[in-house]
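Below: one structure, written as structure tokens.
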Amino acid sequence: MKILFLCPHGAVKSVIAAAYTAKFAEEKGLLAEVSNAGTEPDPAIPAKVIDLLATHGLNVSDWRPKLVNTDILERADRVISLGCDLGVLQVPAHKAQTWVVPAPSEDLIACHDMIKTRVGELIAELSDQT
């Protein structure tokens, strides 16, 4: 299963989602290739996000935001948007999912916690399918 998380800047929401998905999938023994990207990527992941994830045992210090492209979209089995318009990106409906989460600029902890919960639900769903 190839899972792509998208957020506008590819630096916060999609990073949190991808990091937790990789961790939880590994813990469950699921084969998952996880990636993240943005439609207008920032130059770097904010230090506060790197630090927050580090406190939860996730190291994203060497990750860099990247621009979503056709190749990465086509390779993904599932594309989960955290603030991007998947219609504009022409993601087929059977691959597309949208998660509505708090804006990290307003409440990073609430955003983090909701994404972590949604990832747990995703992993449970994928576990049930295997």
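The values are calculated or read from the model by the stated rules, or taken from the named source; none is laboratory data. Predicted, not measured: the structure shown is a model, and the values here were computed from it. With ideal geometry, Cβ positions are generated from the backbone for all residues, glycine too; neighbour counts draw on all protein chains shown. For the accessible areas, the whole protein counts, side chains as well, though only heavy atoms, and no ligand, DNA or RNA atoms are used. Shrake-Rupley method; radii C 1.70, N 1.55, O 1.52, S 1.80 Å.
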- Task: From the list PRO43, PRO92, PRO104, pick out the single residue that is on the phi < 0 side of the Ramachandran plot, at pLDDT 95 or above and out of contact with any helix residue (DSSP H, G or I) (no Cβ under 8 Å at 6 or more places or on another chain).
- Result: PRO43
- Scanning region 110-130 for residues that are in contact with a Leu (Cβ under 9 Å, 6 or more places away or on another chain) and either open to solvent by 90 Å² or more (accessible area, probe 1.4 Å) or hydroxyl-bearing (Ser, Thr, Tyr) (or both) gives SER127, THR130
- When residues of region 61-108 are limited to those that are within 23 Å of VAL49 (Cβ to Cβ), free of Cβ contacts under 8 Å to residues at least 40 places away in the same chain and not in a loop (DSSP other than H, G, I, E, B), the one least open to solvent (accessible area, probe 1.4 Å): GLN97
- Please find, within region 107-130, the residue that is modelled with the lowest pLDDT out of those that are acidic (Asp, Glu) and within 17 Å of the chain's Cα centre (by Cα). GLU125
- Task: Pairs only if they're at least six apart or on different chains, beta carbon under 6 angstrom, first in region 29-44 and acidic (Asp, Glu), second open to solvent by less than 50 Å² (accessible area, probe 1.4 Å) and at pLDDT 95 or above; list them, first residue then second.
- Result: GLU40/PRO8; ASP42/ALA11; ASP42/PRO65
- Query: Would a scan of region 33-49 turn up a residue that is part of a helix (DSSP H, G or I) and surrounded by fewer than 19 Cβ atoms within 10 Å (Cβ to Cβ)?
  - Reply: yes
- Note on the structure: Those residues of region 53-83 that are in contact with a Gly (Cβ under 8 Å, 6 or more places away or on another chain) and among the hydrophobic types (A, V, I, L, M, F, W, C) come to a total of 2
- Item | Some residue of region 102-111 being closer than 19 Å to ALA22 by Cα and among the charged types (D, E, K, R) | no
- Can you find even one residue in region 6-21 that is open to solvent by 40 Å² or more (accessible area, probe 1.4 Å) and in contact with a Gly (Cβ under 7 Å, 6 or more places away or on another chain)? yes
- Note on the structure: Taking region 50-60 and keeping only residues that are open to solvent by 30 Å² or more (accessible area, probe 1.4 Å) and either in a loop (DSSP other than H, G, I, E, B) or over 18 Å from HIS9 (Cβ atoms) (or both), one is left with ALA54, THR55, HIS56, GLY57, ASN59
